[in-house]
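First up is the structure itself, then whatever we jot down about it.
The values are calculated or read from the model by the stated rules, or taken from the named source; none is laboratory data. Just so it is clear, the structure is predicted and the values come from calculations on it, not from any experiment. Positions of Cβ are generated from backbone atoms using ideal geometry, with glycine treated the same way; all protein chains shown enter the neighbour counts.
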């Protein structure tokens, strides 16, 4: 009887250690995401990464004033990927003047190669470049990549499983 209780206690301790490890990993991933989020400003931060299926994920993060950027248009022209947003629109060009953070991710299909990525905003019909970067699109990646929502869902699942295992 005493041996069975000791085995049960050991299994409980192992589960608790695993759950604690999972929670620490989840916390570290959230902290890393928060640190990355703090980099938004002006000029906008533009990052590009290769994702599965020969696509590029273009992430945009920055501060804007005036109308919220909308009507996203993306195009591949030669070795340039151009992402354009619209702010104030012709003919009235009016909007409220908030200062807020803007985030967006664009998936682009392109052939493997080296690209310049430019993000522009049409404000009252006038184009302005808000950020740019260069990157190389690799041949089709076989490793899937999680976006921020996918990472948040994974962390939530890990925490739920850890709590469930602690109760069992």
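Take the range 106-115 and flag every residue that is farther than 18 Å from residue 72 by Cα and in a strand (DSSP E or B). Those that are farther than 18 Å from residue 72 by Cα and in a strand (DSSP E or B): 113, 114, 115.
Just to be sure before I move on: is residue 113 modelled with pLDDT of 80 or more and under 14 Å from the mean Cα position of the chain (by Cα) in the structure I sent? So residue 113 fails the test. When residue 76 is tested against the conditions (1) closer than 20 Å to residue 42 by Cα; (2) surrounded by 14 or more Cβ atoms within 10 Å (Cβ to Cβ), the lone failure is (1).
So that you can scan it fast, the table gives a plain yes or no per residue for (1) over 29 Å from residue 56 (Cα atoms); (2) out of contact with any helix residue (DSSP H, G or I) (no Cβ under 9 Å at 6 or more places or on another chain); (3) in a strand (DSSP E or B):
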| position | (1), (2), (3) |
| --- | --- |
| 68 | no, yes, no |
| 82 | no, yes, yes |
| 101 | no, no, yes |
| 104 | no, yes, yes |
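Scanning the range 86-99 for residues that are within 23 Å of the chain's Cα centre (by Cα) and part of a loop (DSSP other than H, G, I, E, B) gives a single hit, 87. From the residues in the range 128-150 that are loosely packed, with under 11 Cβ neighbours inside 10 Å and outside any loop (DSSP other than H, G, I, E, B), which one is modelled with the highest pLDDT? If we take residues in the range 128-150 being loosely packed, with under 11 Cβ neighbours inside 10 Å and outside any loop (DSSP other than H, G, I, E, B), then 128 is modelled with the highest pLDDT.
Among residues of the range 29-66 being in contact with a strand residue (DSSP E or B) (Cβ under 9 Å, 6 or more places away or on another chain) and in a loop (DSSP other than H, G, I, E, B), the one that is modelled with the lowest pLDDT is 39.
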